[in-house]
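The structure appears below as structure tokens.
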Amino acid sequence: MEKPEHHIIVCCGFRTTGSPQGFCHKKGAINLLGYLENEINDRGLEGVQVTSSGCLKACDRGPVMVIHPENVWYGKVESEDAIDQILDAMEAGSVVEDLVLS
Ligand code: FES
């Protein structure tokens with residue numbers, strides 16, 4: 001297995017039973033997950049792995065997305081425009097300050 005250069009974890013609010021019912025799921029994280037994966041392909045980004053996750057314990061600021069190895073946590077990722085901004089920043093080696101969780 002080749003390790004990814006960037007690993008993007010998108011909270012989809014899965015419960016331990018596997019059912020997606022958490023806050024991020026209710027806020028449309030699964031739809032954004034699809035957009036994110038398509039956008040990564042469209043941009044031809046190599047070495048970027050996307051994984052959905054269960055609750056990342058920041059529900060009040062969801063949908064939540066984390067990028068490693070930078071350890072950048074984003075909150076209120078609610079639109080395709082937000083995803084575009086996050087990918088632009090990742091490619092530029094910066095962050096979207098307005099969305100960063102601190
Ligand atoms: S359901 Fe996403 S942070 Fe809790």
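Structural remarks
- Looking only at region 64-102, and only at residues there that are within 11 Å of the ligand (Cβ to nearest atom) and touching a Phe, Trp or Tyr at 6+ places or on another chain (Cβ under 8 Å), the one that is nearest to Gln21 (Cα to Cα): Val64
- Selection from region 25-62 of residues that are part of a loop (DSSP other than H, G, I, E, B), within 16 Å of the ligand (Cβ to nearest atom) and either at pLDDT 95 or above or among the charged types (D, E, K, R) (or both): Lys27, Lys57
- Top-ranked residue in region 57-72 [being under 11 Å from the mean Cα position of the chain (by Cα) and of a type outside the set (Gly, Ala, Ser); ranked as farthest from Ser94 (Cα to Cα)]: Pro63
- Residue check: His68 meets all listed conditions (1) surrounded by fewer than 17 Cβ atoms within 10 Å (Cβ to Cβ); (2) over 18 Å from Cys12 (Cα atoms) but one, namely (2).
- Criterion: farther than 20 Å from Val100 by Cα, surrounded by 17 or more Cβ atoms within 10 Å (Cβ to Cβ) and of a type outside the set (A, V, I, L, M) - qualifying residue of Gly62, Gly22, Gly44: Gly22
- Check on Lys76, farther than 21 Å from Glu2 by Cα, part of a loop (DSSP other than H, G, I, E, B) and touching a Lys or Arg at 6+ places or on another chain (Cβ under 7 Å): yes
The values are calculated or read from the model by the stated rules, or taken from the named source; none is laboratory data. Values in this document were obtained by computation on a predicted structure and should not be read as measured data. As a convention, Cβ positions derive from the backbone with ideal geometry for all residues, glycine included, and neighbour counts pool all protein chains shown.
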